[in-house]
Amino acid sequence: MIYGTRTNGNQHGLVLTKPLVVDVMLDRVGYKADADLSGIRLIEPAAGDGAFAVTIIKRLHSSSLKFGFSFQKSLQNLAFYEIDTRISGLLRERIESQLRDYSTLLPKDLIITEDFLLSKPMNCDLIVGNPPYVRHENIPESQKIEYRKRFGTFTYRSDLYIVFYEKGLRLLNKDGILSYICSNRWLKNQYGGGLRKLIYSSYSLTEIIDLEETCPFEEDVIAYPAITTIQNGRLQKFTSYYKINKIDDLNKLDFDVEKSRTINTRNSVNWFSYQPSNSNHEKFLDSIENQGFKIGIGVATGSDKVYIRKDFESLVENELLIPIILAKDLKNNSFEWSGNYILNPFSSNGGLINLNEYPNAKKYFDSNKELLEKRHIAQKNPLAWYKTIDKISPTLTNVNKILLPDLSGNSHLFIDRGNYYPHHNLYYITGSYYNKLIILATLLMSDFVKNQLLELGNKMNGGYPRWQSQNLKRLRIPIIDSIPQKIIELLTEAYHARDYASINKIITEEHISKFEFSAGQTRLFEPKPEKYKSKA
């Protein structure tokens, strides 16, 4: 159990692939029984108990019969890696049974029981498989240290599969191909940036088959999978992108052009960034921040159990307490404060409070000192052991702000009228008066914006977009100061009535291009007027 167990009892990193998916992946990289496979060197980096290996061997055997080459000798071109000794034993038994049917012996180096990421294999023509999905916190610390030394893409809180991509790509011969079925999160998120940069500089992302709406595995897992194919030595500008809703549609990719589109991977490492379409509505759009708003994220404490409680009033001085709003307070399209407060260790001048001036807070902090000192921020600055990770600015509490839970199925966006401080799992938008925030919230609730978010970032299970600062800053929305008063009134009414159908009828490309925008409105990509440079 290298990476621990999941809640269902199975191992982290071990999810078996359906035979249909295996067949399609091998077909699309050209490893077919009716082709001459005698000289193709292939590596599977995480073989498991043989979902890919068995099919690969079967195809190689059929190819040897058709083209008359030595099957036994050509097995030396295959290498199946598996880190777990128990699983490797099961793989060996399965392959030996298969080879007995072909009256063939198991080659010595066909199955390699070691960490593929730390191995030194020969270069190859194909790398195909299903690398392990292991979150950063489940990777043993000793392995993380070694991976950071070897792999430039292993940054931030990178999942393990990122390193499998880099290792595999580095092993490819010229024109060699890598094809993984893996999480699609790296295509858009922060920790995938290094991998995108690597591919952009030296490889071609030739095809993405998005299987997020399907179940390509032998068990139901929330994995956001995609089949991603990358080639070495041919810088291809456009990538074919397929969105599959049913697993059986995998066999129809070449015929169903409606399910395909292209993305430009040679333009930048932000492959899903917003690309102006030169449509009439574009000149009436601009970013949120260019319109004078500020996008932020709530406070991270490093130990919520110490800093956030409902019963603080009997423990510490009241002047140190600030009502805090949590993501769980915004659920099922309702906004109900749970009664939590955050203990603010900062004074009005921005420095840490003197604990001797607050005897109750000193007693409370001292009782939790051992826990707080274990945090990374406390180890960096031992004298400031009781500070939160983020500095708390109490004035933020009194500001009107749109609240955006990172992970939320809410249809409605709420505006805090200056009552609460946002927690770390909440993004927020400030910078204008309440009525203008209503219009911004209404725009953000529209399908016009949600579709941009889904394009720019990853979506959560259930199909909802994630509110994340990096993507909010890249949104293009109608210029609020130039929207006609009649439209402002309609949007305001729709917001209060939670009439999402009316919002989506108003906020469309066609209608935006027909708005009678007031004279002198800001134009996309033109210098911004001084009013947009005012303080947030």
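The values are calculated or read from the model by the stated rules, or taken from the named source; none is laboratory data. Here the structure is a predicted model, which is why all the values come from computation and not from measurement. Don't worry about glycine lacking a Cβ; one is built from the backbone with ideal geometry, like all the others, and counts go over all protein chains shown. Just the protein is used for accessible areas: all its heavy atoms, side chains included, with ligands, DNA and RNA removed. Shrake-Rupley method; radii C 1.70, N 1.55, O 1.52, S 1.80 Å.
The table below lists the values:
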| item | result |
| --- | --- |
| Residue, surrounded by the most Cβ atoms within 10 Å (Cβ to Cβ), within the range 367-417, restricted to residues that are over 21 Å from Asn340 (Cβ atoms) and acidic (Asp, Glu) | Glu373 |
| Yes/no for Asn332 being modelled with pLDDT of 90 or more, open to solvent by 10 Å² or more (accessible area, probe 1.4 Å) and more than 25 Å from Arg185 (Cβ to Cβ) | no |
| From Glu219, Glu141, residue being modelled with pLDDT under 90, under 19 Å from Phe52 (Cα atoms) and open to solvent by 10 Å² or more (accessible area, probe 1.4 Å) | Glu219 |
| Answer residue from the range 491-529, given it is at pLDDT below 90 and over 21 Å from Leu475 (Cα atoms) and is surrounded by the most Cβ atoms within 10 Å (Cβ to Cβ) among those | Ser518 |
| Residues of the range 293-351 satisfying the condition of being more than 24 Å from Arg375 (Cβ to Cβ), out of contact with any Phe, Trp or Tyr (no Cβ under 6 Å at 6 or more places or on another chain) and among the aromatic types (Phe, Trp, Tyr) | Phe293, Trp337 |
| Test: residue in the range 186-199 that is surrounded by 20 or more Cβ atoms within 10 Å (Cβ to Cβ), without any contact (Cβ under 8 Å) to a residue 40 or more places away in the chain and closer than 17 Å to Ala46 by Cβ | yes |
| Filtered residue count, the range 302-322, keeping only those that are in contact (Cβ under 8 Å) with a residue 60 or more places away in the chain and over 31 Å from the mean Cα position of the chain (by Cα) | 1 |
| The one condition in (1) free of Cβ contacts under 8 Å to residues at least 60 places away in the same chain; (2) on the phi < 0 side of the Ramachandran plot; (3) out of contact with any Pro (no Cβ under 6 Å at 6 or more places or on another chain) that Lys387 fails to fulfil | (3) |
| Members of the range 222-232 that are at pLDDT 80 or above and either open to solvent by 40 Å² or more (accessible area, probe 1.4 Å) or closer than 15 Å to Cys182 by Cα (or both) | Pro225, Ala226, Ile227, Thr228, Thr229, Ile230 |
| Identity of the residue in the range 418-440, more than 11 Å from Ile480 (Cβ to Cβ) and without any contact (Cβ under 8 Å) to a residue 60 or more places away in the chain, that ends up most open to solvent (accessible area, probe 1.4 Å) | Tyr433 |
| Verdict on Leu456 being open to solvent by less than 10 Å² (accessible area, probe 1.4 Å), under 23 Å from the mean Cα position of the chain (by Cα) and either at pLDDT below 95 or of a type outside the set (A, V, I, L, M) (or both) | yes |
